[in-house]
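What follows is a set of notes on a single structure, which appears directly below.
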Amino acid sequence: MTGEPGLDRGHALDLLRQMVLIRRFEEKAAELYTLGKIRGFLHLYIGEEAVAVGTMQALGPDDNIVATYREHGQALARGIPAGSLMAEMYGKASGCSGGRGGSMHFFDVSRRFYGGHAIVGGGLPIAVGLALADKLRSRAALTACFFGDGAVAEGEFHESLNLAALWKLPVLFLCENNLYAMGTALSQHQAQIDIRRKADAYAMPADVADGMDVLAVEAATRRAAASVRDGDGPFLLELRTYRFRAHSMADPELYRAKQEVEEWKTRDPIARHVARLREAGSLGDPDLTEIESGVAAEVDEAVRFAEAGPWEPVEDLTRHVYAAVTP
Amino acid sequence: MGARGGPDQARVRGGDAMTKMTYREAIREGLREALSGDPRVFLMGEDVGRYGGSFKVTYGLLEEFGPERVRDTPLSESTFVGAGIGAALGGMRPIVEIMTVNFSLLALDQILNNAATLRHMSGGQLGVPLVVRMATGGGRQLAAQHSHSLEGWFAHIPGIKIVAPATPADAKGLLLAALREPDPVFIFEHATLYAVEGEVDDGAAPVAIGKAAVRRTGESVTLITYGGSLGKTLQAADQLAVEGIDAEVIDLRSLRPLDSAMVLASVAKTHRAVVVDEGWRMCSFAAEVSAQIMEGGFYDLDAPVARVCSAEVPMPYAKHMEDAALPQAATIVQAVHDMLGAHG
Amino acid sequence: MPILTADMSAGTLVTWRKKVGDAVKRGDIIAEVETDKGLIDVEVFTGGTIERILVQPGAMVPTGAVLAIIREEAGILPAPPPTISSPPTPAPAAAGRATQAPPQIPTAPGRQRISPLARKLASDLGIDLATLSGTGPGGVIRREDIEHAAAARMDAAPKEQRPSLDRSARFRQAIGAAMARSKREVPHYYLSTTIDMQPALAWLAEENLKQSVTDRLLYGVLLIKAVALGLREVPELNSVWRGAEAVPSPAIHVGVAISLRGGGLVAPALHDTDRRSLTELMQSFSDLVRRARSGGLRSSELSDPTITVTSLGEQGVESVFGIIYPPQVAIVGFGKIVQRPWSVGGEVVSRSVITATLSADHRVSDGHRGGLFLASVDRLLQDPARL
């Protein structure tokens, strides 16, 4: 297909490795949650790996990223070390947010990763602001804003798309449509379920891609990003995907049929990518083993790092409420 | 340009570097200085540009600085406040105007969950140097949805700072101080103050945030207030003076952080305190001041701290009803009388 | 039982999806557990064979309890489960710091630190605040201090100034309030012992032959000194109750209960009782009695006692169990000296004996310690030359 990145073997294997890392990291996180090491809420990205990995290919180090509370995939794909993320979920001071945020609030300013937001729709205005700052400072960068299908119901979605389009801000709105806003199916909360079409109301270009196909995601995101970088204003890209696990660890999934989940699992992005690579002769069993064992080692190391990390001293409780130095 | 009559015509140049100007002009001066002096500063809000500002504060600034620096926004409080937060994260120094505190409720999520929280939640990586200005208060027969005084709600939140200038000099001084803060500052401008005149030092330094001001010294009772209630409190003090009761009036200027040291020092002298606050009495900001006086100055009190606040009602429209709901000089005087009468 | 929801502490095993002998691999669903969020699948994170099932369907077990044992495949060494490291328990001081009240500013000089309640009470009772020092934090004058002063004042009132019936009633009220509070708030326990006073009285008689009439020692001084020395051995009875704990007093000041003509009791301190000679104590005691009856006691004498000794010997009572006078934590009572049959060397003889009692604050001491104290007093009184 034209416009798609060529199946460069190195690149393709790298995409696979990144997806496998996310998968195994999330599985380990689930296990640690049941052991009480990770507390609070845990929202797993399993099934959606192609979205984080594919989109990240179109972003550079100068671009900003705003994400949701289901942001482990984006954080790992962005290059935040797994240990730093695991330690954050443990609540350790060596976590990326100093142990202050936990699973839902990963921040890494050095990688322009602006969270980790727990209020649905709450990150969109911030993304608009970051893009506004870049435009005012003539900084050639875009702001990628991840949000789910649930967020399109919030006022902020509409206000933010409108404002970004009105002021021609370089925002790449990335909607991870996994068909459920916690327990409410898209068809149950949207009169217009074709999310991509909502951009029409704001005279904004939009597209949709198969979120279970990492190469399709990459291709679509590159096109969308190019449009934003060209100065054409914001773009809405809808990625159709599915989460194989519950909304969070505490969800008995009464709202969807197990059969539906099984059907989507046949479209597992990792399995699909592996199959494609095998077919193209780019991947053999030794490659897969190497990737899996490398990832396993990375995840184990992340857990060790988290286990060994220090707790923030309670005396520092009021630190960082305000800046340390006030004029 | 200038068809409506420039506001400059209203200014009278005083001696030295002091100029007499209105509260709104003082803010405008502050905005102008900020926009001229720092390319990172820009304004954002409803009708701040073409309309000239709903309270005429930003009048002329669009023409002077252009649409990139003075931005009219859609009626999207949540998003343009959130965009202010994002722009601050991105290195700018936005000054967001929420037309009135009544509309700020739409932006409370961005204010509380983002502006106030990002620094702590990110482990210190992020700071939000954002300034938000809002008109506040009642007294203009605008009825229940347009007359709120919610400073107390905002002062409840750790991570942000709250100021309420009561004079033109402070309106400019606190704005300039707010722009230097690395953390979000919310400036509450009582809508009845915009036309009030006062002396403003041209070369004024920013007014320190967190420092109250003694507007009138006295020995018999301390009247503590802020913002739009200062005028009434001073009136009450004048009336009390005629009766031989010498009141000290403290203008808090900052609500968070609160200058409890100055308040306590005054109470140590007068042994009596009345807090005047336009918010509703229950869970008011006045309740906080009262608690702090109790904690820090219990043994200096000869009487319980009194509060003069708004009645626990949605603001009515008819003038006599609205007047009855709000603190007035007469009710402040009465509170002092009650205090002196009952406790000697 | 895994932790499946944010604050789960127990779960009910509803169904086993596998049975003993089944092979499982990582990711398999092995059971269903009922939580307060509903029925949730439980997955396994290791591979192997189910060897034993320990929890039956329907059982509710706490999180962390073992549900089943899986024998992992030979050759696959599982990573040891991470050790549980709980976060450090927050220092209460650190937590308190975040919500601390603003620091108290120093009161203007010349202004007394007194609570409104105390001020009102003082006004009602006619207590002169200038004479008072407070026992609250930082020397604040509190209600107790007024009550205490009122109790002393009533009895120390000069003879000429006949308190009106009204005032006398109020003084009694204040004392009564203090006593009632003591009974209400202090868990008293009581011990008594009978002490052979023969050696002490014999010694006293001999000593007094050597003295002039005015310097004669009364036996009461021996009792007081024995109490003071006994407190050295059981110092917790010499504590002062402050707020929520007993603070040991560095010095021993026995308060001696002195009855006043016209009714009432006052118990001023004999300072450093344990370190003074019997002669000195006798002189001080006489002086206290004189001043108590003429209204010349100092307020410090009223607030300094670390323990009180009361004696109703003169009234003919054999034993007295007093009410502890807060903030003290004990009160010692002595009855009259009586002749009673006593066993000496196996023979029954008539001896002078006295009943000593201890009423003590059970928050601070227990019967064992109280008993040791009374035993010490007894022992000390058997060797009066050493007092």
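Computed over chain C with a Gaussian network model linking Cα atoms closer than 10 Å, the most mobile of C:I331, C:I70, C:I127 is C:I70.
Summarising the label geometry, the points placed 7 Å from Cα in the beta-carbon direction at C:E347 and C:A23 lie 10.1 nm from one another.
Using 1/(1 + (r/R0)^6) with R0 = 56 angstrom and r between the beta carbons of C:A375 and C:D128, what's the FRET efficiency to the nearest 0.05?
Working: r = 44 Å, r/R0 = 0.79.
Taking R0 as 56 Å, the efficiency between C:A375 and C:D128 is 0.80.
So for A:K135, C:K210, fewest C-beta neighbours within 10 Å to most, what's the order? Numbers along the way, then the final one.
Working: A:K135 20, C:K210 8.
Listing A:K135, C:K210 from fewest to most nearby Cβ atoms yields C:K210, A:K135.
Over the range A:78-187, Cα pairs under 8 Å with separation of 6+ residues give a relative contact order of 18 percent.
Taking a ≥ b ≥ c as the square roots of the Cα gyration tensor eigenvalues, with a/c under 1.5 meaning rounded and otherwise prolate when a/b beats b/c, else oblate, which class fits the protein assembly as shown? Intermediate values should be presented prior to the final figure.
On the way: a/c = 3.50, a/b = 1.52, b/c = 2.30.
Since a/c reaches 1.5 but b/c is at least a/b, the shape of the protein assembly as shown is classed as oblate.
Put in line by how crowded their Cβ is, counting other Cβ atoms within 10 Å and starting with the fewest, B:D170, B:D302 read B:D302, B:D170.
Ranking request for peptides A:160-168, B:257-265: highest mean number of other beta-carbon atoms within 10 Å first, then the rest in descending order. Working shown, then result.
Working: A:160-168: 23.3, B:257-265: 19.3.
Peptide ranking by packing, descending: A:160-168, B:257-265.
If the elastic network links every pair of Cα atoms under 10 Å, which of A:G83, A:G183, A:G54 fluctuates the most in the Gaussian network model of chain A? Answer for the Gaussian network model of chain A: A:G183. Counting, for every residue in C:179-187, the Cβ atoms of other protein chains within 10 Å of its Cβ and taking the mean gives 0. Backbone amide hydrogens, once placed in the peptide plane, bring B:L150 within less than 5 Å of B:G137, excluding anything fewer than 5 places away on its chain. Working ranking of peptides C:138-145, B:26-33 by packing, defined as the average number of other Cβ atoms within 10 Å per residue, highest first, is B:26-33, C:138-145.
Distant-in-sequence amide contacts of B:L255, defined by a placed amide H-H separation under 5 Å and a gap of 5 or more residues or a different chain, comprise B:I162, B:V163, B:A164. Less than 5 angstrom separates the built amide H of A:E312 from those of A:A93, all sequence-distant by 5 or more or on a different chain. Note: relative contact order over chain B, using C-alpha pairs below 8 Å and six or more positions apart, is 15 percent.
Return the average number of partner chain Cβ atoms within 10 angstrom of each residue Cβ along peptide B:91-97. Write out the running numbers ahead of the final one.
On the way: counts 6, 7, 1, 4, 0, 1, 0.
Taking all residues of B:91-97 together, the mean is 3.
Taking a ≥ b ≥ c as the square roots of the Cα gyration tensor eigenvalues, the range C:164-302 comes out oblate, since a/c reaches at least 1.5 and a/b does not exceed b/c.
Taking every C-alpha pair closer than 8 Å and separated by at least 6 residues, the mean separation divided by the residue count of chain A gives a relative contact order of 24 percent.
Ordering B:L108, B:G244, B:H156 by Cα displacement along the dipole of chain B toward the positive end leaves B:L108 in first place; charges were set at the Cβ atoms of Lys, Arg (+1) and Asp, Glu (-1). When the listed pairs A:K168/A:K198; A:K28/C:K25; A:K198/A:K258 are checked against a 20 Å cut-off, the alpha-carbon distance exceeds it for A:K198/A:K258. Counting only aspartates and glutamates at least 8 places from C:K120 when in the same chain, those with an alpha carbon closer than 18 Å to its own are B:D300, B:D302, C:D128, C:E144, C:D145, C:E147, C:D166. Residues B:E63, B:E312 in ascending order of nearby Cβ atoms (within 10 Å, fewest first): B:E312, B:E63. Compute the Cα gyration tensor for chain A, then decide on rounded, prolate or oblate, letting a ≥ b ≥ c be the square roots of its eigenvalues: rounded whenever a/c is under 1.5, prolate when a/b is larger than b/c in the other cases, and oblate in all that remain. It is rounded, given that a/c, with a ≥ b ≥ c, falls under 1.5.
Looking at the range A:219-297, which chymotrypsin sites (Phe, Trp or Tyr not before Pro) are DSSP coil and have at most 16 other C-beta atoms within 10 Å of their C-beta?
Values: sites: A:F235, A:Y242, A:F244, A:Y255, A:W264; in loops: A:Y242, A:F244, A:Y255.
For chymotrypsin sites (Phe, Trp or Tyr not before Pro) across the range A:219-297 that sit outside H, G, I, E and B with at most 16 neighbouring Cβ atoms in 10 Å, the list reads A:Y255.
Inter-chain Cβ neighbour count for A:244-250, averaged per residue, equals 4 (cutoff 10 Å, partner chain atoms only). The trypsin sites (Lys or Arg not before Pro) of the range B:115-192 that DSSP puts in a loop, and whose beta carbon has at most 15 other beta carbons within 10 Å, are B:R140.
Among B:K211/B:K269; B:K20/B:K161; B:K161/B:K232, which pairs are too far apart, with a Cα-Cα distance over 22 Å? The answer is B:K20/B:K161; B:K161/B:K232.
A short reminder: the numbers here are calculations on the coordinates, not readings from a lab. Because the structure is a prediction, the values reported are computed rather than measured. Virtual Cβ from ideal backbone geometry, glycine too; neighbours counted across all protein chains shown.
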